[in-house]
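Readers should treat all values here as calculations from the given coordinates under stated rules, not as data from a laboratory. Computed from a prediction, not measured in an experiment: that's the story for all the values here. No Cβ is skipped: glycine too gets one built from the backbone with ideal geometry, and neighbour counts run over all protein chains shown.
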Amino acid sequence: MAGAIIENMSTKKLVIVGVILLLFQAFAFMVGGLIAPSPTTAVDYLAVKCVGKASHRQETKWFMPWGSNQCDKIQSFDEAVAKRIEANDIVFAVHIPMSNNEMSPWFQFILVMLQFDIAFKMTNQIKDGAIVNLDVKLAYRDDMVSEWNEMARSFEKRKLHCNFTFPKTYVNDGRFYTCDVLPFMEVGSVAHKYYLLNIRLPVNERKKINLGIGDIKDIHLVGIHQNGGFTKVWFAMKSFLTPSILIIMIWYWRRISLMNRPPVLLEKVIFALGISMTFINIPVEWFSVGFNWTWMLLFGDIRQGIFYSMLLSFWIIFCGEHLMVHGSRRDLHNRFKLHQLTNPFYSIWASDVGTELALSFIILAGICACLYFLFLCFMVFQVFRNISGKRTSLPALSKARRLHYEVNQGHWHWGGHTVQVNSAFFTGIYGMWNLYVFAIMFLYAPSHKHYGDEQSSVDEGVKSGENIQLTTTVTHVDGPTELYRMMGKEAQE
């Protein structure tokens, strides 16, 4: 019988293929867990308070927090009040990275989060819906002596989400609010070695700018970038998987082209799924190491969107296919028709093999759904427990210990080895999608067993004008199956 490879494979061969795929899947997880470092690194930066008059001449000046050309600094706003320095003349300066370090194109991106240290004050409380206005400038350079080059300038607004857990009385003046971390900046490629941020909090009473935002003491920035070692492992995986999927895709389409008929919709969608997976695999990120391509993050999102769209299309069409065909050659011709979309009377329960297959998938899906639900419950429990523990323990830690605690999350110590859980998750899931597409194109490629003769016979039957009939393949002679009795589907003849 002509059909897909999966229909003509013996159980032994099918088990062998499954074991090989599982071994590759395990290898994908091991690459991330045992070879790759942690996917990202987080660095805590405390903004330095520089003094600079807010004037048109100062707009082009850059304030360095340290180094030979460092700015005039103050330690606190109390010192600014004592020296009669206005809030508009204070610039928060942050240099990325820390001193004696430099950024690398292997870091791929820079994601910066913002957090305020705001003290409670009875005469200056945070109003509901308070919004912080920030005048932000970003510059770059590639050595320690060159002038800074402006990269971006913007006037941004961020809504404060702060909570004060103590009674709002004069006794608690000076205690700090608990404020959420705010998104601040995202750079799509790391093409330069050094970056400098200058932030102002302009105050304008007439326009009600930066009023009712509390007593801001400090600004913390958390810079997150991808680790260079993980980037190299990720690129190596993409460089290996690109030709792998490309080869199976060419092989699959060659099998389709050997058929004596044009490709049907499901075959086209499977081929398109392979193209979209190849589109994701192509390691165009190699070019981001040498070029300033700030649109790489957006390009990655577009590629993933195309792949998931094709995956959804595949499943919509696959669920309407009648893969288990029995009976006459007319049924063989209808194998690639969308039965459930065009024939309301079609049912997979109408055949013995279809019934067993559907029941097996239902049981398997139920087991997987239960396991996945239990896993989600466990993860939610872990998240709430970690949040609760961090809220009670992190404020009591020193900044150095707190940063060390936060950065070292995401790995397990297993004997003498360190397993990077986050890296294993990324590489494992990425490998899983590739294996999934590979398996679909391999197992659902046309079988070479006599498909030419049978298909030509089918084509001749179609050309002769035979009418397609609705046939049944139920072979039970003792009446409906037990499943139909349980579902109340027994028909009265």
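Taking a ≥ b ≥ c as the square roots of the Cα gyration tensor eigenvalues, with a/c under 1.5 meaning rounded and otherwise prolate when a/b beats b/c, else oblate, which class fits the stretch 118-167? Walk me through the numbers before you get to the answer.
Numbers: a/c = 4.28, a/b = 2.73, b/c = 1.57.
Taking the square roots of the gyration eigenvalues as a ≥ b ≥ c, the stretch 118-167 is prolate.
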Note to self: Highest mean first, how do 60-71, 201-212 rank when packing is the count of other Cβ atoms within 10 Å averaged over residues?
What the structure shows: 60-71, 201-212
Checklist line | Proximal lysine pairs, the stretch 4-150, alpha carbons under 26 Å, eight or more residues apart or interchain | finding: 18
Next item on the list: Highest first, please rank the peptides 240-246, 134-140 by the mean number of other Cβ atoms sitting within 10 Å of their residues.
Entry: 134-140, 240-246
Notebook entry, point to check: Remind me, what semi-axes does the stretch 1-129 give for its equivalent ellipsoid, largest first in whole Å, using sqrt of 5 times each Cα gyration tensor eigenvalue?
Noted result: 59, 20, 14
Margin query: When only alpha-carbon atoms are used, what values of Rg and Dmax, in angstrom, describe the stretch 130-273?
Written below: 27.0, 87
